[in-house]
Structures are given as structure tokens and as C-alpha cells.
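Any read-out appearing in this document is the output of simple, stated calculations on the displayed coordinates, not a laboratory observation. Keep in mind it's a predicted model, so treat the numbers as computed, not measured. Every residue, glycine among them, receives a Cβ derived from its backbone with ideal geometry; neighbour counts consider all protein chains shown.
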Amino acid sequence: MAGILFDDVFVIKDIDPEGKKFDSVSRLFCESEAYKMDLILDIHSHLYPVELGDKFRLVLTSTLRDDGGYGTTEEEEYDVHFKSSRLDSFDYVMHGKIYRIDDAGGSGGIDSAHVATYASFGGLLMRLEGDVKNMISFDTYMNIYLLLKRVGF
């Protein structure tokens, strides 16, 4: 699929370890299978209920268009009549912005081998941490889509 920035399967290791802050939001602590990335992700728990041990595929992409194309502005990207098989293939989709990329080890700036990428999806937050090779396509202030789909064990 064109426009994909990151794609991996995650296992939920913990849910709301510090207690639930909001009724309809859960904070997930997850680990990826292929790249051994760590993920902290806020989700709307009424729309996408999860349990410990659940697995899901997470895709971060720059566009929802199947051909990878997009408009030059956010207004051109939005089309009320837009249909996408990419959207139909996933259970939960959010749009947001990467707002920070940091050295996760605290030893050498964003050129370090281990980085953390932070994004906000209308106040629901994501922190993806791991090898910089898996996040080379990310830029600060980049608009992204997060897509989730449950997968079997």
C-alpha cells in the first residue's frame, strides 16, 4: 500500500496501569512482534474495546488513498464522497499530527539509534519507541492516519 510509514502487529501488555482518567478513553501499553517497538496509545474504549493480550495491526500512513496520492492542502485531502478500500479494511481510524521526535535513550539527539515519536489524535496521544530505522519516514508536524485492525492469535 502506498503512503505507509509504519506497519506492525502489537500485543496489549497493559491497560490503564495508573487508573482510568476518562470514562471512554483507555491507555494501552503494547509491544510489537516484528520490530520489538514499544507503543503507548490512547483509544476511545467504547468505539474500540480491547482486553489484555489482544493483538492488533497498527498502520501509520500519510494518506487514506489507495494510490498513495493526496491533495496539496488538508482541505484538498478531505472529500465527503471519498471511498477507500484502505478505510474499509480497518476497525478503527484516527487522524493526527506528529508533534515530537526524541532520542529515547537520552544520549544523542534524534540521530540516536533508539527514538520515540509522539503524535496527537485530537487529544488522544501516541508514543512509539524503538529503532530509528523503523521510523525514518517520520517528520515533526507531519499529518498522519492511524489505522487499527484486530488480528487472531
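Which of the GluC sites (Glu not before Pro) found in the stretch 28-66 are in a DSSP loop and have at most 10 neighbouring Cβ atoms, other than their own, within 10 Å?
51
Which length gain, in nm to one decimal place, applies between residue 52 and residue 4 when the Cα-Cα distance is subtracted from 0.36 nm times their residue separation?
This chain segment gains 14.6 nm when fully extended.
Quickly work out the residue 14-to-residue 44 label distance, labels modelled 7 Å from Cα along the C-beta direction, and quote it in nm with one decimal.
2.7 nm
Take the Cβ-Cβ distance between residue 81 and residue 139 as r, set R0 to 35 Å, and report the resulting FRET efficiency rounded to the nearest 0.05.
Efficiency computed from Cβ-Cβ geometry: 0.75.
For residue 37, enumerate residues with amide H under 5 Å from its amide H, sequence gap 5+ or separate chain, H modeled in the peptide plane.
32
Specify, per residue and in Å³, the volume enclosed by the convex hull of the alpha carbon atoms belonging to the stretch 1-67.
Enclosed volume per residue, from the Cα hull, is 98 Å³.
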